[in-house]
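Take a look at the structure below.
The values are calculated or read from the model by the stated rules, or taken from the named source; none is laboratory data. Source: prediction; values computed, not measured. Cβ: placed from backbone, ideal geometry, glycine included. Neighbour counts: every protein chain shown.
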Amino acid sequence: MSEFIKTYRQIKDHQSSNYRGSLKDIYLNTIGPSKIRTEKLPKTSLLFIVFHSLFQDQKEHFKKLLLEIQNEYTFISYSEATERLHSGNIDKRYACISADDGFKNFMDASYLFDELGISGMVFINSHLIGETNYDLISKHCAERLLSPPIEFLTWNEIEDLRKRGHEIGNHGWKHKKLTQLSASEIEEEVCVGKEEIEHKIGPISHYAYTYGRAEFINKKAMDIIFKSGHETIGSAIRGQHLNKLDRGTLIKRELIEPSYPLKHMRYFVEKHRN
Ligand SMILES: [Zn+2]
């Protein structure tokens with residue numbers, strides 16, 4: 001069988017049920033509020049959202065998630081959000097949304113963003129863009145993304161995204177774990193990715209490192225990313241930015257996958273750890 005995953009149902013069938021996950025789900029379903037309570041939110045903040053995949057059977061639900069967030073936050077582009085973050089010009093609640101890994105299903109997300117007037121950002125691994133070899137994609141998804149095979153964007157689609165006002169960022173050449181690499185290997189992963197993207201579409205400014213947690217980045221990698229011409233580095237460390245952020249530091253992004261029940265999303269948005 002060589003079919004790419006198109007639905008969230010297929011993903012769930014692929015994963016064995018996880019006890020820790022289900023306890024967390026029960027907890028969040030219990031304490032998650034039935035609407036976002038405006039009084040629980042900071043008056044001014046920058047909420048960077050990150051997700052990975054939007055499957056066909058999640059589109060309707062994802063729209064509900066985004067509409068609720070849009071009630072409380074003004075969506076701006078990733079570039080505008082990072083500019084505001086570095087200048088400290090955070091005069092109300094802003095949100096921006098980015099997706100990591102460059103899956104083809106970002107196209108569906110982008111059509112939803114168009115409908116809602118949102119500019120999205122997708123962080124890609126240039127090595128995978130336009131790849132059609134099923135075995136290679138399967139291996140990449142299994143080893144690097146711990147997922148069943150999901151199709152990747154093509155360069156034509158990336159061009160189309162750009163034309164419609166969405167942004168492209170660097171997620172590394174081959175989705176390697178930077179903390180496991182030597183300085184020269186980090187340089188290859190970061191710079192080849194940037195060069196290949198720029199060769200196709202022109203200058204880019206933003207990087208999001210793989211695996212996102214604090215333990216998967218270090219000073220050596222950050223120095224190389226900034227020195228190679230990236231202006232920002234996005235993490236997947238939870239939180240919202242309430243204050244100006246110094247250049248040269250990590251951006252927090254709140255993980256809100258399309259699979260999240262509304263109550264989970266509300267819990268994380270209200271928690272807004274700084
Ligand atoms: Zn990734």
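Mind telling me which of the residues Gly212, Gly229, Gly202 ends up being within 16 Å of the ligand (Cβ to nearest atom) and not aliphatic (A, V, I, L, M)?
Unique residue meeting the criteria: Gly212.
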Inset, instruction - Would you please list the contacts, defined by Cβ atoms under 7 Å and residues six or more apart or on different chains, that run from a residue in segment 248-274 that is among the hydroxyl-bearing types (Ser, Thr, Tyr) to a residue that is modelled with pLDDT of 95 or more? - result: Ser259/Gln58; Tyr260/Leu65
Legend entry - Every pair of residues 6+ apart whose Cβ atoms lie under 8 Å, when the first sits in segment 195-222 and is over 18 Å from Asp246 (Cα atoms) while the second is among the basic types (Lys, Arg): Ile201/Arg162; Ile204/Lys194; Thr210/Arg144; Thr210/Lys176; Thr210/Lys177; Tyr211/Lys177; Gly212/Arg253; Phe216/Lys177
Legend entry - Single residue of Glu72, Glu80 found to be closer than 21 Å to Lys252 by Cα, in contact with a Cys (Cβ under 8 Å, 6 or more places away or on another chain) and more than 16 Å from the ligand (Cβ to nearest atom): Glu80
